[in-house]
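Asks: Quick one: this structure, given as structure tokens, is what I'll be asking you about.
Please treat every number below as a calculation from the coordinates, not as lab data. Computed from a predicted structure; not experimentally measured. Positions of Cβ are backbone-derived with ideal geometry, glycine not excepted, and every protein chain shown enters the neighbour counts.
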Amino acid sequence: MRATISFEADVDQVNVLMGALVKQEAERLRDVAHLLSVGKDQEHKVGEKISTGLEMVQKIAHQLSQYKDMLESFERSKFETILPQAAAQPVANLGDAVANLNKFGNFIDRLNDSASEATSGEENDIPSQEG
């Protein structure tokens, strides 16, 4: 089973991270070398060990090839020209936008005035309780 892992890292950490991954593959290669170091007591398993070792080496080579491609792609992207992105679309008519903002502001002012008048009117409707 295989998995794809995606994450972000600081640009200056890419080589450090890739180095750690390559080191892991080097450990796996050492494991293969150890597996293929057939002792006298395991001579009857030589064919099995070669098959297993070759399968492991092919997987490691495939993984290292992917790491190499990733690093080459990263290095290329650092030096390629980045095309400028299109700017946000300008407002078609700035005067219309300002007029709409003013209308909205007037609407809010009227709401505030109505609320203010309603509050003032309520205070005048309260009967006086003088003695």
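Asks: Can you pull out the residues in segment 57-78 that are of a type in the set (A, V, I, L, M) and in contact with an Asp or Glu (Cβ under 7 Å, 6 or more places away or on another chain)?
Replies: Result: 60, 64.
Asks: Further, regarding this structure: Residues of segment 36-56 being exposed (fewer than 10 other Cβ atoms within 10 Å of the Cβ) and of a type in the set (A, V, I, L, M), which ones?
Replies: Across segment 36-56, there are no qualifying residues.
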